[in-house]
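Just so it is clear, none of the values below were taken in a lab; they were calculated from the coordinates. Computed from a prediction, not measured in an experiment: that's the story for all the values here. For neighbour counting, all protein chains shown are included, and Cβ atoms are generated from backbone atoms with ideal geometry for every residue, glycine included.
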Amino acid sequence: MVEVDADRLAQMLPPAGVGMQHEPIRLCGACYAETPCRRIEWQFKETGGCNRHDLRLLSKCPKCGTRFKIPALWEYGLCGKCRTPFAEMAECQKRI
């Protein structure tokens, strides 16, 4: 139906026993600067920060305070309100 192989689809889901936190939408600006895409791990309930950069995840724009929209709307990798690039937000992230 969605033309995605079942094995690939299984890889896109969280591991067994790992809960998802659907809101707020979270991201790591440093990761986004390296590869502009969303990582599913950012929404795992037990994930409080980025283990790659040792930074806390952001749930809203540090410049204007607007919560992030769903990733499907991240066409340009910018805050939907003030247009701050996600990559620049890494400067505002706190260390874990």
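Odds and ends about this structure:
- The residues of the range 42-96 that are among the charged types (D, E, K, R), closer than 25 Å to PRO14 by Cβ and not in a loop (DSSP other than H, G, I, E, B), listed by number, are ARG56, LYS60, ARG67.
- Residue pairs meeting the criteria (Cβ under 9 Å; at least 6 apart or on separate chains; first in contact (Cβ under 8 Å) with a residue 60 or more places away in the chain and closer than 17 Å to GLU91 by Cβ, in the range 30-50; second surrounded by 12 or more Cβ atoms within 10 Å (Cβ to Cβ) and among the basic types (Lys, Arg)): ALA30/ARG52
- Hits in the range 2-18 (condition: among the small types (Gly, Ala, Ser) and at positive phi): GLY17
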